[in-house]
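Trainee: A single structure is presented below for examination.
Read the figures in this text as sums done on the coordinates, not as results from a lab. Keep in mind that this is a model prediction, so the values were computed, not measured. Cβ placement follows ideal geometry from the backbone for every residue including glycine, while neighbour counts extend to all protein chains displayed.
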Amino acid sequence: MATAAEIRELLATAPLQVHGRLLDSSNSALVVIAQDGPLQCAAVYKPLSGERRLWDFPARTLAHREVSAYDLSQMLGWDIVPPTVWRSEGPAGPGMCQLWIDSSEPDGYAGIFAEQNVPAGWHPIIEGRGESGEILLVAHSDAEVLRRLAVFDVLANNADRKIGHLLVDGPRLFGIDHGVTFNVVPKLRTVLWGFTGTPLGPDIVTALELFLADFGRFGPVLGIHLSDDEVELTRARARRMLANGVFPGPGRDGPAVPWPIV
């Protein structure tokens with residue numbers, strides 16, 4: 001089995017053989033095999049050339065943001081984003097390459113339930129109606145890994161935390177699809193609002209303190225793929241969250257949840 005360092009090296013430098021395309025992706029996302037001798041792994045490769053232009057993000061930056069999201073996860077010490085690297089070369093040009101995760105459904109962490117079926121201890125965040133008019137609730141669990149992911153999303157200003165962007169790999173939970181992150185305009189849209197107003201907890205406080213204390217080293221790493229303003233606002237969001245000591249609630253700058261939610 002390849003080590004974490006070997007996997008990152010494979011993703012960054014090994015030849016990529018294209019096996020298919022993720023058809024439900026809004027941008028070009030190719031399934032590839034990275035192989036160097038006996039070592040190989042499956043990955044998702046998102047080239048800059050396949051990005052759909054968005055009015056509210058600079059062109060040809062989404063793959064860069066995916067790499068910075070992984071870097072942020074590692075800086076916090078949480079490892080909640082699959083290994084993601086930048087490739088200067090690939091079958092369709094420069095882009096990001098992320099380890100493929102063989103995932104099961106995230107229904108142990110989040111889902112849509114009939115009103116009477118929301119698991120005990122879970123946090124309902126939004127109500128809707130089914131085809132027959134029945135009340136349905138989007139809810140998520142109280143798992144510590146979701147608390148960490150919620151903090152990560154605040155720091156990254158993640159505009160697209162859907163249920164389907166939670167991947168379960170055995171005992172591990174990962175978040176994926178971080179192309180629309182780190183905007184200088186507040187854009188947080190997430191299904192993880194259930195922690196709003198609750199204390200961050202000592203482990204998260206410690207992680208934020210260490211992140212800020214070492215920002216002199218972390219900032220330049222984030223700056224490889226983000227603008228100076230985007231880097232500085234990431235630090236500002238961490239400072240604000242630490243000063244408040246609680247999970248923030250939805251703002252008034254736009255929709256609070258992504259669409260579709262799943």
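Trainee: How charged is the neighbourhood of Pro248? Take every other residue with its Cβ under 11 Å from the Cβ of Pro248, and add Lys/Arg as +1 and Asp/Glu as -1.
Mentor: +1
Trainee: Of the residues Arg60, Arg129, Arg87, which exhibits the maximal mean-square fluctuation in a Gaussian network model of the chain defined by a 10 Å Cα contact cut-off?
Mentor: Taking springs between Cα atoms under 10 Å, the residue moving most is Arg129.
Trainee: Right, another one. On a 0 to 90° scale, report how tilted helix 144-156 is relative to the longest principal axis of the chain, with both axes built from alpha carbons and the result rounded to the nearest 10.
Mentor: 70 degrees
Trainee: The chain: longest stretch without exposed GluC sites (Glu not before Pro) (DSSP loop, at most 15 other Cβ within 10 Å), sites themselves excluded?
Mentor: 135-262
Trainee: Tell me the trypsin sites (Lys or Arg not before Pro) within segment 196-257 that lie in a loop according to DSSP and have at most 11 other beta-carbon atoms within 10 Å.
Mentor: Here the trypsin sites (Lys or Arg not before Pro) that fit, given the DSSP loop and packing criteria, are Arg252.
Trainee: How would you rank Val168, Val151, going from fewest to most other Cβ atoms within 10 Å of each one's own Cβ?
Mentor: Val168, Val151
Trainee: Compute the signed sum of charges (Lys and Arg +1, Asp and Glu -1) over the other residues within less than 14 Å, Cβ to Cβ, of Glu105.
Mentor: Counting the neighbours of Glu105, the net charge comes to -2.
Trainee: Report, by chain and number, residues whose modeled amide H sits under 5 Å from the one on Val191, excluding near sequence neighbours (fewer than 5 apart, same chain).
Mentor: When sequence neighbours closer than 5 places are left aside, the close amide H contacts are Arg161.
Trainee: Using +1 on the beta carbon of Lys and Arg, -1 on that of Asp and Glu, and nothing else charged, what's the dipole of the chain about the Cα centre, debye to 20?
Mentor: 560 debye
Trainee: Hey, another quick one. Which cross-chain or sequence-distant (5 or more) residues have an amide H under 5 Å from the amide H of Leu136, H modelled 1.01 Å from N in plane?
Mentor: Answer set, sorted by chain and number: Gly128, Arg129, Gly130.
Trainee: Okay, moving on. ³J(HN,Hα) across segment 54-65 via Karplus (A = 6.51, B = -1.76, C = 1.60, θ = phi - 60°), whole Hz, x for Gly/Pro?
Mentor: 10, 6, 10, 10, x, 5, 6, 10, 5, 5, 4, 5
Trainee: Taking only Cα atoms, what is the 0 to 90° angle, nearest 10, from helix 228-244's long axis to the longest principal axis of the chain?
Mentor: Around 30 degrees separate the two axes.
Trainee: Shifting gears a bit: Which residue, Pro106, Pro171, Pro82, has the most motion in a Gaussian network model of the chain that connects Cα atoms within less than 10 Å?
Mentor: Sorting by GNM fluctuation, first place goes to Pro171.
Trainee: Next up: Given R₀ = 25 Å, FRET efficiency for Ala256-Thr198 by Cβ-Cβ distance, to 0.05?
Mentor: 0.90
Trainee: Mind jotting down the distance between the C-alpha centroids of segment 109-123 and segment 137-202, whole Å?
Mentor: So the two Cα centres are separated by 17 Å.
Trainee: Still on this model: Taking only the alpha-carbon atoms of the chain, what semi-axes of the equivalent ellipsoid follow from 5 times the gyration tensor eigenvalues under a square root, in whole Å, largest first?
Mentor: Over the Cα atoms of the chain, the semi-axes work out to 29, 23, 18 Å.
Trainee: Enter the angle in degrees (range 0 to 90, nearest 10) between the Cα long axis of helix 202-213 and the first principal axis of the Cα atoms of the chain, meaning the one along which they spread out most.
Mentor: Between helix and principal axis, roughly 50 degrees.
Trainee: State, as an integer percentage, the relative contact order of the chain based on alpha-carbon contacts under 8 Å between residues 6 or more apart.
Mentor: Relative contact order for the chain comes out at 17 percent.
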